[in-house]
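Taken together, the values in this text are just the output of simple stated rules run on the coordinates, not laboratory data. All values reported here derive from a predicted model rather than from experimental measurement. All Cβ positions, glycine included, derive from the backbone under ideal geometry; neighbour counts span all protein chains shown.
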Amino acid sequence: NAGVTQTPKFQVLKTGQSMTLQCAQDMNHNSMYWYRQDPGMGLRLIYYSASEGTTDKGEVPNGYNVSRLNKREFSLRLESAAPSQTSVYFCASNPSGDTGELFFGEGSRLTVL
Amino acid sequence: GENVEQHPSTLSVQEGDSAVIKCTYSDSASNYFPWYKQELGKGPQLIIDIRSNVGEKKDQRIAVTLNKTAKHFSLHITETQPEDSAVYFCAASLSGNYQLIWGAGTKLIIKP
């Protein structure tokens, strides 16, 4: 049982380049999330998907887009990367958006030069 | 909006001693307070959570206390062990996981 799988684990981009972070969960969860983690700032929610077919903005959505491809997969796209988007990105899922455990992937470390 | 402050940023304790991490929140309407543990190179993992209708919750060596009047909650780890070394995050929410606001984290170091 893999849980939440993120790819790639590491990526280096130049300013202005685009890329997509992939996330897949095999727990049949309805809700999925994308967070970024920066030193001294905890985790901040970028976008979430309460259920298949819906997406909503979180705390820091600017510069990002998401796609809930199906119940298993939730991708995060950077259209024109900026140095301020250098961060560690985490995907998470849980059965529903209500309270309860969030299951996290191992993270994707992105550096924008 | 909600703001969560977490202290200390680093905590070093002797193995076998207790560790306490404190968080304060700003919105009195917040009603869900989870604690997550993050080991190096891994994603955070839930270790305990509490809702606003409960003052204290315990799970083996881990306990969380909530003071709604003062708007703060604390994580208590007793009989600390080397495997407790990690970064711990608190969070608070008005309405479920969609609105979780996270603290900045506490790095817990267990000295042998």
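Worth pointing out:
- Note on segment B:22-55 and segment A:82-99: Cα centroid distance 16 Å, given to the nearest whole angstrom.
- Think of chain A as a dipole: +1 on every Lys or Arg Cβ, -1 on every Asp or Glu Cβ, centred on the Cα centre; then among A:Gly97, A:Val60, A:Met27, A:Val60 lies furthest on the positive end.
- The magnitude of the dipole of chain A, with charges of +1 and -1 set on the Cβ of Lys/Arg and Asp/Glu and taken from the Cα centre, is near 340 debye.
- Dimensions of chain B based on its C-alpha atoms, expressed as ranges along the principal axes with the largest first, amount to 41, 28, 20 Å.
- Mean Cα-pair separation over length for chain B, i.e. relative contact order, pairs under 8 Å, 6 or more apart, %: 37 percent
- Largest-first principal axis extents, alpha carbons of the protein assembly as shown, Å: 48, 37, 35
- Using a cutoff of 8 angstrom between alpha carbon atoms and counting only pairs six or more residues apart, the relative contact order for segment A:2-113 works out to 36 percent.
- Relative intensity, log₁₀ I(q)/I(0), of chain A from a Debye sum that treats every alpha carbon as a point, q = 0.10, 0.14, 0.15 Å⁻¹: -0.25, -0.50, -0.57
- Per residue of A:86-94, other chain Cβ atoms within 10 Å of the residue Cβ number 1 on average.
- Counting only Cβ charges, +1 for Lys and Arg and -1 for Asp and Glu, the dipole size of the protein assembly as shown around its Cα centre is about 360 debye.
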